[in-house]
Amino acid sequence: MMEEYPHDAALFALASRHEKPEEFLETVFSFLQRRSPLFDGGVQAVEDAVLNIVKKYGKKAAATRFQEIEDEKDRKKREEARKEAEMRRREKEWDEEKKRQREELQKRKQKAEEKNKKQDAKSSEPPKFEEISEEGEGSEKVTKLESADAEENEDPNLQTPNAGNGGYTDNYVWTQTLQDLEVRFRIPLNIKTKDIVSSITPTKLSLGIKGETALIDGTLDDRIDPDESFWQRGKTATSGVYRN
């Protein structure tokens with residue numbers, strides 16, 4: 001139960017008229033000296049009385065400060081526990097998301113391996129080149145997009161980005177997203193998977209036919225994750241997916 005202090009309002013109004021607590025005390029003692037018998041017993045009696053009052057309220061102040069410190073400790077413990085619980089929750093979500101991505105990548109790799117095996121099983125045929133398109137697998141021809149603005153470009157050698165925010169060369173067509181770079185290579189369909197050589201590092205990638213000049217061999221502008229990247233043979237194209 002909270003203590004009642006009926007004189008707080010009047011004392012606060014009086015104290016607010018002083019800049020320092022000592023000035024307020026001086027006003028109080030001036031009043032007591034003039035309007036009360038406090039000093040009739042001598043200065044020593046006044047000092048003893050004041051000292052007893054100071055000790056009494058000094059203990060209360062110390063107890064209050066101690067409780068404030070303990071309350072602050074409890075508050076910090078609760079805050080740390082809340083942060084730790086939040087971190088565990090986020091770590092669990094991250095682990096679940098990583099697991100989902102790994103499972104998805106594993107499925108894509110397995111699918112790519114199955115396609116490669118089926119491609120190797122085909123009988124040898126006269127060289128016939130894959131038809132690749134900037135628009136994705138299943139298109140019938142290589143489409144080199146042009147626009148009216150290209151003629152006005154200061155550099156006539158600059159390509160207009162294709163529908164996949166990429167471009168093309170004589171050997172491949174590439175598209176990209178914020179996470180993936182996909183390259184579709186021009187390789188004869190009778191070339192078996194075992195005759196295709198590929199190297200993937202965080203900063204470089206190459207792919208080509210064994211014993212021939214690589215179709216792509218260069219340094220990347222950004223790093224990729226080799227463990228998250230792969231290449232595969234499809235029915236109409238050989239493609240590589242490189243993930244950062």
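The table that follows gives values for the structure above.
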read-out	value
Subset of region 172-213 [of a type in the set (S, T, N, Q) and under 23 Å from K118 (Cα atoms)]	N190, T193, S198, S199
Residues satisfying the stated conditions in region 178-204, i.e. assigned to a strand (DSSP E or B) and closer than 11 Å to V241 by Cα	D180, L181, E182, V183, R184, I200
Check on N190, at pLDDT below 85, under 23 Å from K111 (Cβ atoms) and not aliphatic (A, V, I, L, M)	yes
L205 vs. criteria within 24 Å of I224 (Cβ to Cβ) and either surrounded by fewer than 16 Cβ atoms within 10 Å (Cβ to Cβ) or at pLDDT 85 or above (or both)	yes
Test: T175 is touching a Leu at 6+ places or on another chain (Cβ under 9 Å) and outside any strand (DSSP E or B)	no
Every residue from region 18-65 that is loosely packed, with under 12 Cβ neighbours inside 10 Å and under 55 Å from the mean Cα position of the chain (by Cα)	E19, K20, P21, Y57, G58, K59, K60, A61, A62, A63, T64, R65
Members of region 205-234 that are in a strand (DSSP E or B) and within 17 Å of Q176 (Cβ to Cβ)	L205, L207, I216, G218, T219, F230, W231
Residue match in region 76-85 (condition: more than 52 Å from the chain's Cα centre (by Cα) and more than 30 Å from E228 (Cα to Cα))	no
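For every residue, the table says whether it meets (1) in a loop (DSSP other than H, G, I, E, B); (2) basic (K, R); (3) closer than 30 Å to Y242 by Cβ; (4) modelled with pLDDT of 85 or more.
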{"site": "Y5", "(1), (2), (3), (4)": "yes, no, no, no"}
{"site": "E19", "(1), (2), (3), (4)": "yes, no, no, yes"}
{"site": "S30", "(1), (2), (3), (4)": "no, no, no, yes"}
{"site": "F39", "(1), (2), (3), (4)": "no, no, no, yes"}
{"site": "V50", "(1), (2), (3), (4)": "no, no, no, yes"}
{"site": "F66", "(1), (2), (3), (4)": "no, no, no, yes"}
{"site": "R82", "(1), (2), (3), (4)": "no, yes, no, yes"}
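The values are calculated or read from the model by the stated rules, or taken from the named source; none is laboratory data. Since the structure is predicted, the reported quantities are computational estimates derived from the model, not experimental observations. Virtual Cβ from ideal backbone geometry, glycine too; neighbours counted across all protein chains shown.
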